[in-house]
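Undergrad: Attaching a single structure in structure tokens format; questions to follow.
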Amino acid sequence: MPNSTEQIHPPSAKKTLWAWTLGTFFGSGLLKPGPGTYGSIAALLLWYAAAQFLHPSFLALAIGTALSAIAITLIGIPASTIVAHESGRKDPGMVVIDEAAGQLIALIAIPADWRHAAISLLLFRLFDILKPPPVRQLEQLPEGAGIMMDDVAAGLLALACAQLIRHFY
């Protein structure tokens with residue numbers, strides 16, 4: 001079985017613009033090194049800017065963040081599938097819409113301040129990189145579902161840990 005960065009077939013000359021734009025989360029996945037971290041930071045910055053500009057209530061921010069994470073996940077599955085096919089890779093590193101979705105999940109019900117945002121970012125990146133069970137097993141799902149769902153699970157673990165930290169500290 002090929003690993004996630006291994007080429008599984010030659011790349012296509014065709015590039016589906018909407019899929020590449022969203023799959024790379026507006027180009028943040030093209031930054032080096034560590035495109036996943038850039039994708040996570042891009043999602044965090046958008047969340048923080050929306051929270052500061054709109055001044056939603058805590059509940060409205062939590063609901064809006066959850067709905068955004070769901071929408072990005074649902075859009076990310078076909079987008080990442082297309083980019084994977086067109087790049088010839090099982091899980092291309094430039095696809096970071098999965099990190100954006102996972103990071104938003106980690107930010108659900110988090111106060112909109114830098115301290116809480118930083119904790120959520122660190123926890124999400126930790127779980128995304130280490131991939132504890134069941135995170136790693138979700139990579140085995142087919143195509144875009146496998147690309148997206150491991151980060152969704154990492155986001156859920158980060159959210160749970162962030163809530164525990166927030167509760168006890």
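Undergrad: Please list, in order along the range 29-40, the HN-Hα scalar couplings obtained from phi with the Karplus expression 6.51 cos²θ - 1.76 cosθ + 1.60 (θ = phi - 60°), rounded to whole Hz, x for Gly and Pro.
TA: In residue order, the calculated couplings are x, 8, 7, 10, x, x, x, x, 5, 4, x, 5 Hz.
Undergrad: Let me ask something additional. What ranking of THR37, THR65 emerges when the number of other C-beta atoms within 10 Å of each C-beta is taken as an exposure proxy, fewest first?
TA: THR37, THR65
Undergrad: Counting Lys and Arg as +1 and Asp and Glu as -1, each charge on the Cβ, what is the dipole of the chain about the Cα centre in debye, to the nearest 20?
TA: The calculated dipole for the chain is roughly 200 debye.
Undergrad: A further question on this structure: Along the range 54-60, what does the Karplus equation 6.51 cos²θ - 1.76 cosθ + 1.60 (θ = phi - 60°) give for ³J(HN,Hα), rounded to whole Hz, x for Gly and Pro?
TA: Couplings: 8, 6, x, 5, 4, 5, 4 Hz.
Undergrad: Something else about it: In what sequence, highest mean first, do 54-61, 156-163 appear when ranked by Cβ atoms within 10 angstrom?
TA: Descending mean neighbour count gives 156-163, 54-61.
Undergrad: Scan around THR24 for amide H atoms under 5 Å from its own, H built in the peptide plane at 1.01 Å from N, and keep only partners 5 or more places away or cross-chain.
TA: For THR24, the qualifying residues are VAL96.
Undergrad: What translational D, rounded to a whole number of µm²/s, comes out for the range 17-168 from Stokes-Einstein when the hydrodynamic radius is the Kirkwood one over Cα pairs, at 20 °C and 1.002 mPa s?
TA: 143 µm²/s
Undergrad: May I ask you to compute the full-extension gain from THR16 to ILE165, defined as 0.36 nm times their residue separation minus their alpha-carbon distance, rounded to one decimal in nm?
TA: 49.5 nm
Undergrad: Measure out, as a whole number of angstrom, how far apart the alpha-carbon centroids of the range 39-97 and the range 135-161 sit.
TA: Centre-to-centre distance over Cα atoms comes out at 14 Å.
Undergrad: Would you mind giving the three semi-axes, in whole Å and largest first, of the ellipsoid equivalent to the range 48-120 according to its Cα gyration tensor?
TA: That gives 28, 12, 9 Å for the three semi-axes.
Undergrad: How compact and how long is the range 3-103, expressed as Rg and Dmax of its alpha-carbon atoms in Å?
TA: 14.7, 49
Undergrad: Name the long-range amide H neighbours of ARG89: under 5 Å, sequence gap of 5 or more, or other chain; modelled H, no Pro or chain starts.
TA: ILE8
Undergrad: Could you run the Karplus curve 6.51 cos²θ - 1.76 cosθ + 1.60 with θ = phi - 60° over the range 113-122 and give me ³J(HN,Hα) per residue in whole Hz, x for Gly and Pro?
TA: In residue order, the calculated couplings are 10, 5, 5, 5, 5, 5, 4, 4, 4, 4 Hz.
Undergrad: How do the peptides 136-142, 77-83, 98-104 rank, highest first, by the average count of neighbouring beta carbon atoms within 10 Å per residue?
TA: Going from most to least packed, we get 98-104, 77-83, 136-142.
Bear in mind that the values in this text are calculations on the coordinates, not laboratory data. Since the model is a prediction, treat every value here as computed from it, not as a measurement. Here the Cβ is made from the backbone with ideal geometry for all residues, glycine too, and neighbour counts use every protein chain on show.
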